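Colleague: A single structure is presented below for examination.
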Amino acid sequence: MRTIALAFLTLLALAPASLRAEDAKPFATAKTIDLLAILKPPPANESAQTKAELGEVLTLQVTRSPEMEASAQADVVEDVWRFANVMGPAFKTEQLPVFSAFFDRVVATEGAVVDPAKDSWKRPRPHQLSPLVKPVVKISNSGAYPSGHTTVGTLMGIVLSNMVPEKRVAIMDRAWFYGENRIIGGIHYRSDIEAGRIAGSVIAARIMEQPEFQAEFTAAKAELRKVLGF
């Protein structure tokens, strides 16, 4: 059994990351975590709240710096390696095959849970509601609510900080800005971000109860802490 396990980990390490991520099995889906029953519906398009949130997006559009735009553009990528700036130079894919495969599943969970809610609510993105909005990140026309990027950033931050509590504050600060960058980029409203943070927290709490998650979490945590020198 040990030989088979070692062989599996070797193949896992050699497999292209894109293939592993694409094939990753989520820990939960919308059938097990129904965001329609957890989150309140998004504000109506003509509501005072949406108008105020649209105003925030437009204000940021004329006040954001080139550095803020670059940060928002970089955070379009949805993977745990966006936390490298707080995890240190040893935090690299090639050194963490078990950890990497585990977080592929964590990221896949966000889409499996959030996408059906987005499709149900169909909240227009800021640029769809107002031609004045000019996003500086990749355009998306999927439902805006809740923010998937914010959900996955929050989810990854919670799981990662549970592995390395010594860096919890820095990790969760990074997760927070992962969401803020979606407003800065002009692709989401404030309430999308707030709902994403709730969704990410709920998903984290639910999947952490699963024995399957706990087993993979333990192995990934051990690998990560060894590589980081904890």
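Colleague: Take the range 190-230 and flag every residue that is among the aromatic types (F, W, Y) and either under 28 Å from T59 (Cβ atoms) or at pLDDT below 95 (or both). Outline the logic, then answer.
Modeller: Of all residues in the range 190-230, those among the aromatic types (F, W, Y) come to 213, 217, 230.
Result: F230, single match.
Colleague: Sticking with this structure for a sec: Quick check on D75: is it surrounded by fewer than 17 Cβ atoms within 10 Å (Cβ to Cβ) and not polar (S, T, N, Q)?
Modeller: Working: surrounded by fewer than 17 Cβ atoms within 10 Å (Cβ to Cβ): no; not polar (S, T, N, Q): yes.
For D75, the condition - surrounded by fewer than 17 Cβ atoms within 10 Å (Cβ to Cβ) and not polar (S, T, N, Q) - is not met.
Colleague: Then there is this: Being crowded, with 16+ Cβ neighbours inside 10 Å and not acidic (D, E): is that true of G88 here?
Modeller: Numbers: crowded, with 16+ Cβ neighbours inside 10 Å: no; not acidic (D, E): yes.
No.
Colleague: Scan the helices (runs of 4 or more DSSP H) fully inside the range 112-230 and keep the ones with 3 or more residues being within 14 Å of the chain's Cα centre (by Cα) and crowded, with 22+ Cβ neighbours inside 10 Å.
Modeller: Details: elements: 126-129, 148-163, 168-184, 190-207, 211-228.
The helices (runs of 4 or more DSSP H) meeting that bar are 148-163, 168-184, 190-207.
Colleague: Would you pick out the residues in the range 106-145 that are in contact with a Leu (Cβ under 9 Å, 6 or more places away or on another chain) and of a type in the set (D, E)?
Modeller: Listed by number, the list holds a single entry, E110.
Colleague: Sticking with this one: List the residue pairs whose Cβ atoms are under 9 Å apart, where the first residue sits in the range 111-127 and is touching a residue at least 60 places away in the same chain (Cβ under 8 Å) and among the polar types (S, T, N, Q), the second is part of a loop (DSSP other than H, G, I, E, B) and crowded, with 17+ Cβ neighbours inside 10 Å, and the two are 6 or more positions apart or on different chains.
Modeller: Here the result reads S120/G143, each pair linking the range 111-127 to a residue that is part of a loop (DSSP other than H, G, I, E, B) and crowded, with 17+ Cβ neighbours inside 10 Å.
Colleague: Mind listing whichever residues of the range 180-210 are within 18 Å of A108 (Cα to Cα) and not aliphatic (A, V, I, L, M)? It would help to see each step written out before you state the result.
Modeller: Our first condition is that a residue be within 18 Å of A108 (Cα to Cα); within the range 180-210, this holds for 196-210.
The answer is G196, R197, G200, S201, R206, E209, Q210.
Colleague: Given the criteria surrounded by 15 or more Cβ atoms within 10 Å (Cβ to Cβ), modelled with pLDDT under 95 and in a helix (DSSP H, G or I), does R105 qualify? Break it down stepwise before answering.
Modeller: On the way: surrounded by 15 or more Cβ atoms within 10 Å (Cβ to Cβ): yes; modelled with pLDDT under 95: no; in a helix (DSSP H, G or I): yes.
For R105, the condition - surrounded by 15 or more Cβ atoms within 10 Å (Cβ to Cβ), modelled with pLDDT under 95 and in a helix (DSSP H, G or I) - is not met.
The values are calculated or read from the model by the stated rules, or taken from the named source; none is laboratory data. This structure is a prediction, so every number in the text was calculated from the model and none was measured. Don't worry about glycine lacking a Cβ; one is built from the backbone with ideal geometry, like all the others, and counts go over all protein chains shown.
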